[in-house]
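A quick write-up on the structure given underneath.
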Amino acid sequence: SDTRSDAHGTTVVYDQVYDGVPVFGAQLRLHLDKQGDLTSVNGFAAPDLDLGVEPRLSKDAAAAKAVSIVKDAPSGVDPDMPASYTAGAKAVSTDLNVYRLGSTRGVSGKPVLAWVVEVSNGSTVRETVILDAATGKPVNRWSMIAHALDRELYEEAYEPENKVWSEGDPYPGGLDEDQASEVAGTGEAYWMFMNTFGRDSY
């Protein structure tokens, strides 16, 4: 858990863990006023978990499979894109999670032990691929690069001289951590809505 306080009160953040394994996207935030009284709770927690936490698919095998899936057909990319588009793609993180099917769409589904793999080549490809840790079957995936978007990032004021990044520039390039997070966050939000709801907009 994590606790953050400000002039208005305190927020306590709890990340859900099942038998030592993080639950994907499961986090509750408890908001308390200055007197310590609970004012609201928001977030997501997966109820009634009952599953084994020993994967049949190894971490290395999961990483290799995710890379293969992305190289064969990267998300959100024209199928006629040359193979060089995915050159250098590799698994940059491979984490064991409990993943509740349907949670990204707000519907009930069964929990599965899953490998959450981020595949990237540092420029044109950055995807999350979620694989069932028992069968290796893909259960979800999404792009974390907004291929069709036209984003620009400005500092201080919306003036041409203050532009620090625009679509097509190297990422993260010269961006600092906060700036890179802003760019990544807008892309992730776009593709989550696009892949989950078919909404081609913010």
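The values are calculated or read from the model by the stated rules, or taken from the named source; none is laboratory data. Just so it is clear, the structure is predicted and the values come from calculations on it, not from any experiment. Ideal geometry is used to build each Cβ from the backbone, glycine not excepted, and the neighbour counts take in all protein chains shown. Calculation scope for accessible area: heavy atoms of the full protein, side chains included, ligands and nucleic acids excluded. Shrake-Rupley method; radii C 1.70, N 1.55, O 1.52, S 1.80 Å.
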#### Entry: Hits in the stretch 1-43 (condition: open to solvent by 50 Å² or more (accessible area, probe 1.4 Å), of a type in the set (Val, Ile, Thr) and over 30 Å from ILE130 (Cα atoms))
THR39
### Task
Given the conditions (1) crowded, with 17+ Cβ neighbours inside 10 Å; (2) without any contact (Cβ under 8 Å) to a residue 40 or more places away in the chain, report the number of the one that VAL107 does not fulfil.
(1)
#### Entry: Flag if SER120 is within 27 Å of ASP72 (Cβ to Cβ) and modelled with pLDDT of 90 or more
yes
### Message
Looking at the structure I just gave you, is ALA134 at pLDDT below 95, farther than 21 Å from PHE44 by Cβ and hydrophobic (A, V, I, L, M, F, W, C)?
### Response
no
### Query
What number goes with the only condition from (1) in contact (Cβ under 8 Å) with a residue 60 or more places away in the chain; (2) under 21 Å from LYS65 (Cβ atoms); (3) not basic (Lys, Arg) that VAL139 does not pass?
(1)
### Query
Within the set of pairs 6+ apart or on separate chains, which have a first residue in the stretch 155-180 that is in contact (Cβ under 8 Å) with a residue 60 or more places away in the chain, a second that is open to solvent by 60 Å² or more (accessible area, probe 1.4 Å) and aliphatic (A, V, I, L, M), and C-beta atoms under 7 Å apart?
none
### Task
Can you tell me which residue within the stretch 44-88, out of those that are hydrophobic (A, V, I, L, M, F, W, C), outside any loop (DSSP other than H, G, I, E, B) and modelled with pLDDT under 90, is most open to solvent (accessible area, probe 1.4 Å)?
ALA83
### Task
Considering each residue of the stretch 172-189, count those that are under 17 Å from the mean Cα position of the chain (by Cα) and either loosely packed, with under 12 Cβ neighbours inside 10 Å or within 18 Å of VAL125 (Cβ to Cβ) (or both), and give that number.
10
### Query
VAL112 is checked against (1) open to solvent by 20 Å² or more (accessible area, probe 1.4 Å); (2) within 25 Å of TYR14 (Cα to Cα) and fails just one. What number does that condition carry?
(1)
### Task
Go through the stretch 121-139 and give me each residue that's of a type in the set (S, T, N, Q) and over 13 Å from the mean Cα position of the chain (by Cα).
ASN121, SER123, THR124, THR135
### Query
Quick one: GLY52 ticks every box in (1) closer than 15 Å to LEU96 by Cα; (2) within 20 Å of the chain's Cα centre (by Cα) bar one, so which box is it?
(2)
